[in-house]
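Take a look at the structure set out below.
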Amino acid sequence: MNFKWFGPIALLAALWIGDQIRINRPGHKYRLTVEVETLEGRKSASGVMAVHPDRSYSRGGQTRTAGDAVFVDLGGGKNLVALLAHIDGTIDLDGINYVALRAYGAAGGKRVSFNEMSQMRGVVPVKGELIPVLATFADPADPATMKAVLAENLETAFGSGFRLRGLGAEVVPNGFWPVDFGGVLGEPVTRAIAGKLPWVAGPDGAALGLKAADLRSREPIDAREVFTRK
């Protein structure tokens, strides 16, 4: 066997693997927590999101987020879901990329860059325009029962005694992509919404839900990205 080319091939493989890690490793991860005051006391749920700045050679400049919408079981058959979308006249899928970044900036009173996010510590409030679209399902198994909910007035949707206590963002360990499985390896992205909304992976369920909630997009979108992103 000729080993003459083993060294150069091994070097090229190592360079390629290193480049893939550089391109695909998240810029930062954050935990989004939703807390609601209910008749049964405080209810909360959270999910870890991974934010990926564009590091590819295409220089498209598109930042993306991987993660799931956060589903809060309020008890008594009620639920609240923080979607992966905002409203800017119509559905905005881009805002979720900057929730933690802008929340830390607002809390500290200064602009925070992507490169500084790994240095951020503690939980900061997610308020005002940073709050994602909130929704509820009369029947989580049926997307046609989806309704949008106003953050400042949960009582309209759920009755007296229900109040949004708040949303918070917290930077969590980024880990070592692609082996960020938890613990010292970093917080894994939360994948739970399919267990709550079983139709979410199908071709039509997400679009049906958005239509039922009268949430519209200015341009064609993959409606599933409002609930889950890879």
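The values are calculated or read from the model by the stated rules, or taken from the named source; none is laboratory data. As the structure is a prediction and not an experimental result, all values here were calculated from the model. Don't worry about glycine lacking a Cβ; one is built from the backbone with ideal geometry, like all the others, and counts go over all protein chains shown. With ligands, DNA and RNA removed, areas are computed over all heavy atoms of the protein, side chains included. Shrake-Rupley method; radii C 1.70, N 1.55, O 1.52, S 1.80 Å.
Please find, among Ile23, Ile9, Ile17, the residue that is open to solvent by less than 50 Å² (accessible area, probe 1.4 Å) and modelled with pLDDT under 65.
Details: Ile9 fails: open to solvent by less than 50 Å² (accessible area, probe 1.4 Å); Ile17 fails: open to solvent by less than 50 Å² (accessible area, probe 1.4 Å).
From the options Ile23, Ile9, Ile17, the qualifying one is Ile23.
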Next on the checklist: So Val171 passes all but one of these: (1) free of Cβ contacts under 8 Å to residues at least 40 places away in the same chain; (2) crowded, with 20+ Cβ neighbours inside 10 Å; (3) not aromatic (Phe, Trp, Tyr). Which condition number does it fail?
Outcome noted: (1)
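Of all residues being of a type outside the set (S, T, N, Q) and open to solvent by 70 Å² or more (accessible area, probe 1.4 Å) in the range 110-121, which is nearest to Ala50 (Cα to Cα)? Just the residue, please.
At the first step, the residues of the range 110-121 found to be of a type outside the set (S, T, N, Q) are 110-112, 114, 116-117, 120-121.
Subsequent filtering for residues that are open to solvent by 70 Å² or more (accessible area, probe 1.4 Å) retains 110-111, 121.
Details: Lys110: 23, Arg111: 20, Arg121: 16 Å.
This residue is Arg121.
So how many residues does the range 136-149 have that are assigned to a helix (DSSP H, G or I) and either open to solvent by 20 Å² or more (accessible area, probe 1.4 Å) or among the aromatic types (Phe, Trp, Tyr) (or both)? Can you show your working first?
Of the range 136-149, the ones assigned to a helix (DSSP H, G or I) are 143-145.
Now narrow it down to the ones that are either open to solvent by 20 Å² or more (accessible area, probe 1.4 Å) or among the aromatic types (Phe, Trp, Tyr) (or both): 144-145.
Residues in the range 136-149 being assigned to a helix (DSSP H, G or I) and either open to solvent by 20 Å² or more (accessible area, probe 1.4 Å) or among the aromatic types (Phe, Trp, Tyr) (or both): 2 in total.
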Checklist entry - Which one of these is buried (at least 20 other Cβ atoms within 10 Å of the Cβ) and more than 22 Å from Arg216 (Cα to Cα): Val124, Val99, Val133? => result Val124
Checklist entry - Can you pull out the residues in the range 185-226 that are within 19 Å of Asp94 (Cα to Cα), over 16 Å from the mean Cα position of the chain (by Cα), without any contact (Cβ under 8 Å) to a residue 40 or more places away in the chain and open to solvent by 60 Å² or more (accessible area, probe 1.4 Å)? => result Glu219, Pro220
Checklist entry - Scanning for something exposed (fewer than 13 other Cβ atoms within 10 Å of the Cβ), of a type outside the set (Val, Ile, Thr) and free of Cβ contacts under 8 Å to residues at least 40 places away in the same chain, does the range 82-94 turn up at least one residue? => result yes
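Looking only at the range 121-134, which residues are over 15 Å from the mean Cα position of the chain (by Cα) and in contact (Cβ under 8 Å) with a residue 12 or more places away in the chain? Let's see the steps before the verdict.
Pass one, the range 121-134, residues over 15 Å from the mean Cα position of the chain (by Cα): 121-125, 127-129.
Scanning the range 121-134 gives Arg121, Gly122, Val123, Val124, Pro125, Lys127, Glu129.
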Checklist outcome for this item: Residue pairs qualifying under the 7 Å Cβ cut-off, at least six apart or on distinct chains, with the first in the range 103-120 being within 21 Å of Leu167 (Cβ to Cβ) and the second being surrounded by fewer than 15 Cβ atoms within 10 Å (Cβ to Cβ) and at pLDDT 95 or above, are Ala103/Pro125; Ala107/Pro125
Item to check | Residue among Pro203, Pro198 that is more than 23 Å from Ala100 (Cβ to Cβ), modelled with pLDDT of 95 or more, of a type outside the set (Lys, Arg) and not in a helix (DSSP H, G or I) | outcome: Pro198
